[in-house]
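Working notes, beginning with the structure itself.
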Amino acid sequence: MKEFALIFRLNDMKDFQPSPEQMQERMNWLGSIAAQNKLADKGNTLLPIPGSAKTVKPDHVVTDGPYTEIKEFISGYIVVRTETIDEAVEIAKANPIFKIGGSIEVREVLKRD
Amino acid sequence: MEIAEDIASETFLKASENWAIGGVPENPTAWLYTVAKNKIKDYFKNLSVFETKIKSKPPENSQSEHDFEFNNQLISDSQLAMIFAVCSPANSTGSQICLALQILCGFSVEEIANAFLTKPETIKKRLQRAKTSLRNDNFQLQSLNETQIKSRLDTVLKTLYLLFNEGYFSKTNNQQIRKELCSEAVRLTLLLTENPLTNTPPTHALLALMCFQSSRLEARMNPKGEVILFNDQDRSLWDKSLIERGNYYLVNATDGSANWRTKYHLEAGIAYWHTTPTDANKWQHILQLYNQLILIEYSPITALNRTFAFAKVYGNKKAIAEAEKLNLTGNHYYHELLGYLYSDTNPLKAIEHYQRAIGLTKSETEKQTLTTEIERLTQKKNHEHPSPG
């Protein structure tokens, strides 16, 4: 079994606060992965709001948030446990994030021992 | 001291042998003391033989000083105190629970294996190791201090949870035994709420869960001892006073300081929604609680129950896809669920799954129920597509 991080990206700050229905959809998706015993880590949400997000650059230049210069921002991640990357991609496809124009990056996790 | 440990563990061993066969005696403490005392007498008898023969000197008057004195300062109930004593961190949590179930709740190895969804051999080995390490850890029957009680509470709750479940879901058809196990678990959990050290939100949540489940004890079995499925239960048989007590404990299980989301909270929440007959969003609530429960701890049963709730919200067709992803082909509940989900749209496939479930289950009652269901589906199928001639 391999592990893959699914990294969620959103385009619009207003999508970050989900409606109760969107929340249910997300939880159904997460619950479905866990029910298959394929959830390695339920991950975390990464707050993009002012005061919660800064980027540090060379020469210690600190900017507010990741969202000022790039369009997309990372909103969170989870880690799934599957045989192949294709299986992880299939899991990602069922996520409701695509309804609001978000995207998911699938990356194999190489564990540091 | 080593002698005392040996005697204590031998006493436990004897208790487990006797209680497993004859059930827990009316007064377990007195029983344990009597056995322990006799063992001590035996010991000194042997010792005296040894002393008189080898050293030609009579043993000192030792009997009265060596009587067991059980200090009940912090936990007054003997059964509960024993469970806390056995839940020693010298063993892994799993082993502690096995030991408590075997020694103090009178479970057989088979019953423990069922409770842990594992093989009897694994449990046997686990018990063996646990007893050895208790011996090596200078196990003593003594009262615990506050910190020890607090740190052992989680394991004790888990033990009581399994004790209750064995009563509630047990394979045995003896309803009397089932009720006794359940009420003993409730009694002990109730005692935990009366002690300031153990009166915590998870304890209340567990008690709420037990109350909600107990409220259906009468309704979920017919006089022949066969399980009646939730949908077919006579709701007038549900015990309303127990539901009310469940509600009370569930409210108590939340306090302002923390957002409690233990397994017991979630399961009590699910049980609560089951007791409410009409609410448009009932199954959506149940599904969301199952989503959270499965994030805390994966188990095949939770996965299957979650899918059942999913079917109630989104329909059987979507749920079939969801169920088949679970891929629990060796589990009879898996085939029962798929049989149920297919029964309206594809009776042939439903029958196939029910037959596989019959092949996998050990319970005669379940085989009976499934056979009846297959007959019903076969008739329905023939009615819809009458065979030629």
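Just so you know, all these numbers are worked out from the coordinates, no wet-lab data involved. As the structure is a prediction and not an experimental result, all values here were calculated from the model. FYI the Cβ positions are ideal-geometry reconstructions off the backbone, even for glycines, and counts take in every protein chain you see.
How would B:T189, B:T254 line up from fewest to most surrounding beta-carbon atoms within 10 angstrom?
On the way: B:T189 26, B:T254 15.
In order of increasing Cβ crowding within 10 Å: B:T254, B:T189.
Taking the Cα atoms only, what angle lies between the long axis of helix A:20-35 and the longest principal axis of chain A, rounded to 10 degrees?
Taking Cα atoms only, the helix is inclined about 50 degrees.
Please give, to one decimal in nm, the separation of the simple spin-label points placed at A:T55 and A:Q22, each 7 Å out from Cα toward the Cβ.
2.2 nm
Run the numbers on the stretch B:241-367 and let me know its relative contact order in percent, using alpha-carbon pairs under 8 Å that are six or more apart.
That works out to 14 percent.
Per residue of the stretch B:233-240, in order, report the coupling 6.51 cos²θ - 1.76 cosθ + 1.60 (Karplus, θ = phi - 60°) as ³J(HN,Hα) in whole Hz, putting x for Gly and Pro.
Computed from phi, the couplings for the stretch B:233-240 are 6, 7, 5, 5, 7, 5, 7, 5 Hz.
HN-Hα J couplings of the stretch B:340-346 from phi, Karplus 6.51/-1.76/1.60, θ = phi - 60°, integer Hz, Gly and Pro as x?
Rounded to whole hertz, the list is 4, 5, 7, 4, 7, 9, 9.
Of B:K124/B:K150; A:K42/B:K263; A:K38/A:K93; B:K349/B:K380; B:K158/B:K263; B:K179/B:K263, which sit over 19 Å apart, Cα to Cα? List each step's numbers first, then the result.
Values: B:K124/B:K150 28 Å; A:K42/B:K263 16 Å; A:K38/A:K93 15 Å; B:K349/B:K380 13 Å; B:K158/B:K263 10 Å; B:K179/B:K263 23 Å.
Checking Cα-Cα distances, B:K124/B:K150; B:K179/B:K263 exceed 19 Å.
Looking only at other chains, what is the average number of their beta-carbon atoms within 10 angstrom of each beta-carbon in B:288-301?
4
Normalised by the residues of the stretch A:2-108, what does the relative contact order come to in percent, with Cα pairs under 8 Å and at least six apart? If you can, show how the numbers build up before the last one.
Values: 160 pairs, mean separation 53.4, N = 107.
Across the stretch A:2-108, relative contact order equals 50 percent.
Provide the FRET efficiency to the nearest 0.05 for the B:K349-B:T278 pair, computing r from the beta carbons and using R0 = 35 Å. Intermediate results must be reported in sequence, preceding the final value.
On the way: r = 32 Å, r/R0 = 0.92.
Between B:K349 and B:T278 the formula returns 0.65.
Counting other beta carbons within 10 Å of each Cβ, put B:L188, B:L207 in order, fewest first. Walk me through the numbers on the way to the answer.
Details: B:L188 20, B:L207 28.
Starting with the residue having the fewest Cβ neighbours, the order is B:L188, B:L207.
Give the order of B:H335, B:H274 when sorted by the count of other beta carbons within 10 angstrom, beginning with the fewest. Can you show the working numbers first?
Numbers: B:H335 24, B:H274 16.
The fewest-first ordering by Cβ neighbours comes to B:H274, B:H335.
What residues qualify as long-range amide H neighbours of A:K2, i.e. H under 5 Å apart, gap of 5 or more or another chain, H built at 1.01 Å from N?
A:T82, A:E83
At 0.36 nm per residue, minus the direct Cα-Cα distance, what do A:I85 and A:D64 gain on full extension? Give it in nm, one decimal, please.
Values: separation 21, 0.36 × 21 = 7.56 nm, distance 3.41 nm.
Full extension of this stretch gives 4.1 nm more.
Could I get the Rg over Rh figure for the stretch A:2-108? Both from C-alpha atoms, Rh via Kirkwood, rounded to two places. Show your work: numbers first, answer last.
Details: Rg = 14.9 Å, Rh = 14.8 Å.
Taking Rh as the inverse mean 1/r over Cα pairs, Rg/Rh reads 1.01.
Which value, in nm² and rounded to one decimal, describes the direction-averaged projected area of the C-alpha convex hull of the stretch A:63-109? Walk me through the numbers before you get to the answer.
Numbers: hull surface 16.9 nm².
Average projection, Cα convex hull of the stretch A:63-109: 4.2 nm².
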